[in-house]
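Beneath this line is the structure, given in structure tokens, with notes to follow.
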Number of protein chains: 2
Amino acid sequence: MDKREHLVQVAFDIFYREGVHAVGINRILTESGVAKKTLYNHFASKDELVAATLSYRDQRFLNWLGERMATGQAGIDALKAMFDALHDWFNGEDAGQPQFNGCYFINLSAEYGDAEHPLHQQCSAHKRAVQALMRQHLSAWVESGVLDQLVDALAILKEGAIVQAHVTGDKNAALKAWAIAEPLLQAHVRQKD
Amino acid sequence: MDKREHLVQVAFDIFYREGVHAVGINRILTESGVAKKTLYNHFASKDELVAATLSYRDQRFLNWLGERMATGQAGIDALKAMFDALHDWFNGEDAGQPQFNGCYFINLSAEYGDAEHPLHQQCSAHKRAVQALMRQHLSAWVESGVLDQLVDALAILKEGAIVQAHVTGDKNAALKAWAIAEPLLQAHVRQKD
DNA sequence: TACCATGGAGACAAATCTGTCTACTTAAGG
DNA sequence: CCTTAAGTAGACAGATTTGTCTCCATGGTA
């Protein structure tokens, strides 16, 4: 078994549920059954472990979302699939996602508020990657002149839904966001050549 | 001078910039020049001080937003004024707001993720209050059947804009959000009797 | 068999955390 | 003038923080 991978998984679970600053290294060690020596053998500091959990989550989330968007759907349907996926995540109906506790990257941006901080920038990079995924699914189906606008709009709606679901507990936020997004997209569907 | 008030102001400034768990009580004491005894004379614990900063920010933010929405505007224009206010906040162009570092309530919800936690619920209550303010400005101007939908939509757009501005640094997010919100509102303006 | 890398368990250092408590000062009001 | 309340300054306790280091066990490989 890969100790490093195990450590990252356990650390992510705990950091995601309870926050980074609220949890000490020792919690992760006892909960993972790994020795402190081993942790500091793989990571130079707690921050490096946190960075690893961000990479781990980044990869897993993009894979998950990519798959949910790709299942037989094309174009605008893929975007609907994205909001459906968010809905399932909020409501604990997708086994591929942990108990919903907001977005890990938004949460970490809150704890590392300084935009210059490496961890904050890692969060920013993740959001850009998700936007790239949306753009990729949209680019062939909408007029290219409005592509950037639509991706920005979808990003705002997606982040807003996540925050609403987490802070106010509105578990239908993803559906509400899609209700706004859909007509926006429909209005700019490219005429099929 | 009111020691309690001063303490809350300084604590809010620091907690907002750096996060709650990342800052110790002693930082607030030295930076405010107040004795530890005095702090614990006013507040039973750090959590109570945090709760006070939430109340303080809740009041200040609602006052600020309410004023920006009320200046001569009516109906839908008041909502445009809201997004303009957010834009100024993001870009440091409103002296009534601190250096933008995201939404204090979203940030605290990230640090206190458990929905049952009193501080989390205080954040949730703030968001409901802001929605009530939006509803109040809208209720006379749109068809009553779609009022709830519109308020939900505006809330999602507002939170989405804040998160985008903070995490990815897109300081124009408020304008983009308004570009989505405006046609939604226009479509449901009540016929003037 | 001998060697060496890896990890387990945890003591330890040095700093920092929250919260309590003592001793002293200051100011207001009867 | 005397009493009382409130604040200052900071020592202190006890827990917890990150990170280092030691000692020992285990397991694969030359």
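Descriptive notes on the structure:
- Accessible area of the protein assembly as shown belonging to carbon and sulfur atoms, whole % at 1.4 Å probe: 48 percent
- Only Cα pairs under 8 Å and 6+ residues apart enter the sum, and on that basis the relative contact order of the stretch A:58-186 stands at 30 percent.
- With the helix formula -39500 (n - 2.57) applied to DSSP H stretches of n ≥ 4, the protein assembly as shown reaches a computed 222 nm mean residue ellipticity of -22000 deg cm²/dmol.
- Environment charge of B:ILE14, counting only residues whose C-beta is closer than 13 Å and scoring Lys/Arg +1, Asp/Glu -1: +1
- Surrounding net charge for B:ASP94, when Lys and Arg each add one and Asp and Glu each subtract one, Cβ distance under 12 Å: -3
- For the protein assembly as shown: span of alpha carbons on each principal axis (Å, largest first): 62, 61, 32
- Across the identical copies, the 7 Å label point of B:ALA35, projected outward along Cα→Cβ, sits 5.0 nm from its counterparts, in ascending order.
- Plainly put, the tip 7 Å out from Cα toward Cβ on B:ALA132 is 4.5 nm from that tip on each other copy, the closest given first.
- Coarse-grained scattering of the stretch B:1-113 at q = 0.13, 0.19 Å⁻¹, given as base-10 log I(q)/I(0) from a Debye sum over alpha-carbon atoms: -0.56, -0.99
- With DNA, RNA and ligands ignored, accessible area of B:ARG190 (1.4 Å probe; Å², nearest 10): 90 Å²
- Spatial separation of Cα centroids for the stretch B:86-116 and the stretch B:1-16, in angstrom: 17 Å
- Using the Cβ-Cβ distance between A:LYS80 and B:LYS36 with R0 = 45 Å, the FRET efficiency computed as 1/(1 + (r/R0)^6) comes to roughly 0.20.
- Förster-model FRET efficiency, 22 Å R0, B:ARG4 and B:ASP47, C-beta, rounded to 0.05: 0.90
- Inter-site label distance for A:GLN99 and A:ALA125 at 7 Å from Cα along Cβ, in nm: 3.0 nm
- Estimated buried accessible area (total), pair B and A, 1.4 Å, Å² to nearest 100: 2700 Å²
- Placing dummy labels 7 Å off each Cα toward the beta-carbon, the span from A:LEU62 to A:SER139 is 1.5 nm.
- In this structure the protein assembly as shown gives 44 Å² per residue of accessible area when probed at 1.4 Å with all protein chains present.
- Distances between copies at A:GLY92, taken between label points 7 Å from Cα along the C-beta direction, are 4.4 nm in increasing order.
- Label-to-label distance, B:LEU147 versus A:LEU147, with points set 7 angstrom from Cα along the beta-carbon direction: 4.3 nm.
- For the stretch B:55-186, average projected area of the Cα convex hull in nm²: 7.9 nm²
- Added length on full extension, which subtracts the Cα-Cα distance from 0.36 nm per residue, B:THR71 to B:GLU182: 38.1 nm
- Counting Cβ atoms of other protein chains within 10 Å of each Cβ in B:108-116 and taking the mean gives 6.
- Listed pairs A:LYS3/A:LYS37; A:LYS80/B:LYS158; B:LYS127/B:LYS158; A:LYS80/B:LYS176 exceeding 18 Å between Cα atoms: A:LYS80/B:LYS158; A:LYS80/B:LYS176
- Counts of other chain beta carbons within 10 angstrom of each beta carbon in peptide B:144-156 average 3.
- Among the residues of A:165-172, the average count of other protein chain beta-carbon atoms within 10 Å of the residue beta-carbon is 6.
The values are calculated or read from the model by the stated rules, or taken from the named source; none is laboratory data. Everything numeric here is computed off the predicted structure, so don't read it as measured data. So basically every Cβ, Gly included, is an ideal-geometry build from the backbone, and we count neighbours across all protein chains shown. When the accessible area is computed, the model is the full protein with side chains, heavy atoms only, and any ligands, DNA or RNA have been set aside. Shrake-Rupley method; radii C 1.70, N 1.55, O 1.52, S 1.80 Å.
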